[in-house]
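Working notes, beginning with the structure itself.
The values are calculated or read from the model by the stated rules, or taken from the named source; none is laboratory data. Keep in mind that this is a model prediction, so the values were computed, not measured. For neighbour counting, all protein chains shown are included, and Cβ atoms are generated from backbone atoms with ideal geometry for every residue, glycine included. These accessible areas exclude ligands, DNA and RNA; they are computed on the full protein's heavy atoms, side chains included. Shrake-Rupley method; radii C 1.70, N 1.55, O 1.52, S 1.80 Å.
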Amino acid sequence: MKALILEEFGSDFQIKNIAKPVPANNEVLVRIKASGINMLDIKIKAGNGAHAQVSLPAILGTEMAGIVESVGKNATAFAAGDEVYGMTGGVGKVQGSLAEYAAVDEKLLAVKPSTLSFKEAAAIPLAFITAWEGLVDRAKIDREMKILIHGGAGSVGHIAVQLAKSFGAEVYATGSAENLEEIKSTGVTAIDYNAVSVEEYVNLYTDGKGFDVVFDTVGGTVLDNSFKAIKKYTGHVVSILGWGSHSLAPLSFRGATYSGVFTLLPLLTGEDREHHGEIMQKATQLANSGLLKPKVNSKDFSFENIGEAYNSLENHSLKNRGIVLI
C-alpha cells in the first residue's frame, strides 16, 4: 500500500510503498477513504506532542473514515463492505490514517453516518470523543444547565456546541469578532471574549451566579477565566488543555470542581477502547438525526500535497477542520 511516512520530526512526509497490514485478532482491515487533520497532528509532526508518545518512523493521522475490506479472527462487529469511522491511531505505536489501509481494533469503530460523506465523517471522531468525554462523561450535562463553551468556532468547540444543544442545554460560546456570526448560526448565544469581560458576561447571562458547566477548549488564560465564570458549589469546569501552571483559588473559593480530558488514553494504553466505539455510535445517531454536522474545509488534499494542508493549518490560513482525501 501507499503511505505517508514521517522519518524525522519537523520534516516532510515521505510517500512510500509498504506492506499492507494484516488484521490481527479483533481487528478489521479498513480501506481509508478520508483522513482528518487537526492541531494535534500538527503538534506531533513538529515534535511538540510528547504526550502522544510517537516513535519514528511513523504513519500519523488520528482519525479516519473508510470501508472494511476484511476482518481478523474473532472480529464480529463489522463485515466486509461496511462503511466505518473512528479515532484509530497515529499515536503511540498504533498506525495512523495517512495510508491507503489500516488494521484497526474494531472496538474503536462505529458505522459511518449515512447522512455524511467520508470527508465529513473523518472530521468528527477526535472532536466528538473529546467533547463527549468532557460534557457528558465528566460534567453530566442535561437540559436544565447553562453551558459555556470557550472557542465555540474551533474544531472541538463547534462540535461541543452541537452536542450540548442536543441535550437541550442553554448554550453560550465565546469567540473572536470574526467568528461570532458563525457561532450565532448554530443557534447559541455568542460572546466576544475580546469585547466583554468575564465578570460582564457572567452578570449578563447568569445574573452573576455563574455557569453550571464551563468547557475550555483553548487553555492558558482561558482556563483561568473559566474558574471565574463557574457557578458556586455545583459548577464544573472541564478543560481539554489543562496544562501549565494555574491558580485553583478562584475555583476553590466557589466550591466548584474541575476535570481534565485526555482523549488519547485508550489508544495509548489499550484500555477502555470500547467506550470510544460507543461514543462514535452516539455521533452516528446524532448525525443521522440532523443534530451533528461538522464544518469541513472545501479544499481537498492528497498524498502529493499533504504538506500544503499541514502548513496552511499551522499558519491558520486553513480552518481547524482540514481534511485529507486519499
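Here are the numbers for this structure:
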read-out: M145 accessible area, 1.4 Å probe, all protein chains in place, Å² to nearest 10; value: 40 Å²
read-out: DSSP-defined antiparallel bridges as percent of all bridges, the chain, nearest 5; value: 55 percent
read-out: Length-normalised contact order of the chain in % [C-alpha pairs under 8 Å, at least 6 apart]; value: 19 percent
read-out: Cβ-defined net charge surrounding E144, 10 Å radius [Lys, Arg +1; Asp, Glu -1]; value: -1
read-out: Highest-MSF residue in the chain out of I15, I129, I230 [GNM, Cα springs under 10 Å]; value: I15
read-out: Heavy atoms of E278 accessible to a 1.4 Å probe, total area in Å² rounded to 10; value: 90 Å²
read-out: Solvent-accessible surface ranking, highest first, for I32, I67 at 1.4 angstrom; value: I67, I32
read-out: Among E314, E120, E144: highest mean-square fluctuation, GNM of the chain, C-alpha pairs under 10 Å; value: E144
read-out: Positive dipole terminus of the chain, leading residue within N26, T174, H150 (C-beta point charges); value: N26
read-out: Inter-label distance, nm, simple model (7 Å from Cα along the C-beta direction), D12/N74; value: 4.4 nm
read-out: Computed label-point distance, nm, for sites L204 and F303 using a 7 Å Cα→Cβ extension; value: 5.1 nm
read-out: The chain, dipole about Cα centre (Lys/Arg Cβ +1, Asp/Glu Cβ -1), debye to the nearest 20; value: 280 debye
read-out: Projected label distance in nm at H51 and I5, using a 7 Å step from Cα toward the beta-carbon; value: 3.0 nm
read-out: For the range 285-303 and the range 96-162, distance of Cα centres in Å; value: 11 Å
read-out: The chain - convex hull of alpha carbons, volume per residue in Å³; value: 124 Å³
read-out: Apportionment of accessible area to carbon and sulfur, the chain, percent (1.4 Å); value: 49 percent
read-out: Sites N288 and W243, calculated FRET efficiency, Cβ-Cβ separation with R0 30 Å, nearest 0.05; value: 0.25
read-out: Listed residues L98, L109, I129: farthest to the positive end of the dipole of the range 56-158 (Cβ charges); value: I129
read-out: Highest-fluctuation residue, V104, V54, V214 considered, GNM on the chain with Cα pairs under 10 Å; value: V54
read-out: Heavy atoms of K16 accessible to a 1.4 Å probe, total area in Å² rounded to 10; value: 80 Å²
read-out: Under-13-angstrom lysine pairs by C-alpha in the range 171-326, whenever the two are 8 or more apart or on separate chains; value: 5
read-out: Length released on extending from S117 to N194, taking residue separation times 0.36 nm less the Cα-Cα span; value: 24.1 nm
read-out: Accessible surface, 1.4 Å probe, highest first, among residues E200, E182, E63; value: E200, E182, E63
